[in-house]
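The values are calculated or read from the model by the stated rules, or taken from the named source; none is laboratory data. Fair warning: this is a prediction, and the values are worked out from it, not measured in the lab. Note: ideal-geometry Cβ built from the backbone for every residue, glycine included; neighbour counts use all protein chains shown. The accessibility values were calculated without ligands, DNA or RNA, using every heavy atom of the protein model including side chains. Shrake-Rupley method; radii C 1.70, N 1.55, O 1.52, S 1.80 Å.
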Amino acid sequence: MAQVKNTQVILKDYVTGFLKESDMNIVDSTITLKIPEGSNDLVLLKNLYLSCDPYMRGLMNKPKESVIPLAYTPQSPIAGRGVSKVLESGYQDYKEGDLVWGFTKWEEYSLIPAAQILFKIEHTDVPLSYYTGILGMPGMTAYAGFFEVGSPKKGENVFVSAASGAVGQLVGQFAKLHGCYVVGSAGTKEKVDLLKNKFGYDEAFNYNEEQDLNAALKRYFPEGIDIYYENVGGKTLDAVLLNMKLNGRIPVCGMISQYNLTQHEGVTNLAHLVYKRIRMQGFVVGDFYHLYAKFLEYVLPYIREGKVVYVEDIAEGLEKGPAALVGLFSGQNVGKQVLVVAHE
């Protein structure tokens, strides 16, 4: 069987401080497009769309420094969630031509254990790239974090940070559909306009233009915040704690402001958790994949009716991968950052 070229995005070495494009290399490897004889748990994939996600930065730390157990290996391809086409399968649940999403490597072709595939894609009347976003991990993260962890009630006040990102844009729309008052923060005027005019947020503000976040939150939430969907951490979380209502909830999805820091920022207002009986709960999306079918039932009709919209920022070609990933941490992306390897 002939070997074919397999372009890969390789991590050069463990990363300290802010991620740079030069921390990654584009290399041309080769692969035989055939599963080894007797392999009944391997699947050969052609990768189509790869998901650029902030959590990937944590996988680039040395294992003892990483808060995420599955650190990358230097001089090997980085990995994440993606949409792929099955070329050959030794595992009975998948066959040639199936479209799947799950964990794959940043390369053109991947040979992976079948257990790394999360779901077979059944609904193809929506863009396939959506399975890196609204119908994939970010969509499930928004749904589970808001409904399962946040326990929203109609009429409650909801604040979302990093509100125009892959997860935030959906939390705001889900909250509006649930009858909540929703405010989001983002880092540019363009993103603030998106929040108000495309995603239906009641209000939005540019945190870079606010000298005093506490004052800004009091302006938008004079009666306080019931649910804070936490994506940022640091100074934003500190200001939010001063503005939470009694029995408020804080689903903690991420803390993007902290991922590249060697010295993490402290939070000084945690005593408000006690005074106000606030429930602050971290979660990981993997704990909620058993709800995926229920989530699709909820969101697919809204997508088809145009009641939920999704904005993607598309980078074409593996060689654009490092820049796309690095750009997440300076807010270069508008919406969900997707890396296209091939359009089928």
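Based on Cβ point charges of +1 for Lys and Arg and -1 for Asp and Glu, what charge dipole magnitude is obtained for segment 16-167 about its Cα centre, in debye rounded to the nearest 20? I would put it at about 400 debye. Maximal additional length on extending the VAL4-ASP41 stretch stands at 11.1 nm, based on 0.36 nm per residue less the C-alpha distance.
Evaluated with a Cβ-only charge set (Lys, Arg +1; Asp, Glu -1), the chain carries a dipole of roughly 780 debye about its Cα centre, given to the nearest 20.
Here the accessible area is traced with a 1.4 Å probe on the protein chains. For the chain, carbon and sulfur cover 51 percent of it. For volume of the Cα convex hull per residue in Å³, computed directly from the structure shown, the correct entry in (i) 146; (ii) 182; (iii) 134 is (iii). A 1.4 Å probe over all protein chains sorts ASP28, ASP41 by accessible area into ASP28, ASP41, starting with the largest. Over the chain, what relative contact order in percent results from Cα pairs under 8 Å that are six or more residues apart? Over the chain, the number comes to 17 percent. Using the rule -39500 (n - 2.57) for each DSSP H run of four or more residues, divided by the residues of the chain, the 222 nm mean residue ellipticity is -5500 deg cm²/dmol.
Looking at the chain, the DSSP beta bridges with both ends there are about 60 percent antiparallel. Dipole of the chain computed with +1 at Lys/Arg Cβ and -1 at Asp/Glu Cβ about the Cα centre; of LEU11, GLY282, LEU328, farthest Cα towards the positive end is GLY282.
For the residues TYR94, TYR131, a 1.4 Å probe over the protein chains yields an accessible-area ranking, largest first, of TYR94, TYR131. Each Lys and Arg contributes +1 and each Asp and Glu -1, all at the Cβ; summed about the Cα centre of segment 62-123, the dipole is approximately 280 debye. The listed residues CYS180, CYS253 rank as CYS253, CYS180 when sorted by accessible area, largest first, using a 1.4 Å probe. Computed from Cα atoms, the angle from the helix 234-243 axis to the main principal axis of the chain rounds to 40 degrees.
Exceedance of the 28 Å cut-off in Cα-Cα distance is limited, within the set LYS154/LYS218; LYS20/LYS95; LYS64/LYS120; LYS95/LYS320, to LYS20/LYS95; LYS64/LYS120; LYS95/LYS320.
Based on protein heavy atoms only, the chain ends up with 44 Å² per residue of surface accessible to a 1.4 Å probe.
Using the Cβ-Cβ distance between GLU148 and ASN214 with R0 set to 45 Å, the FRET efficiency works out to roughly 0.95.
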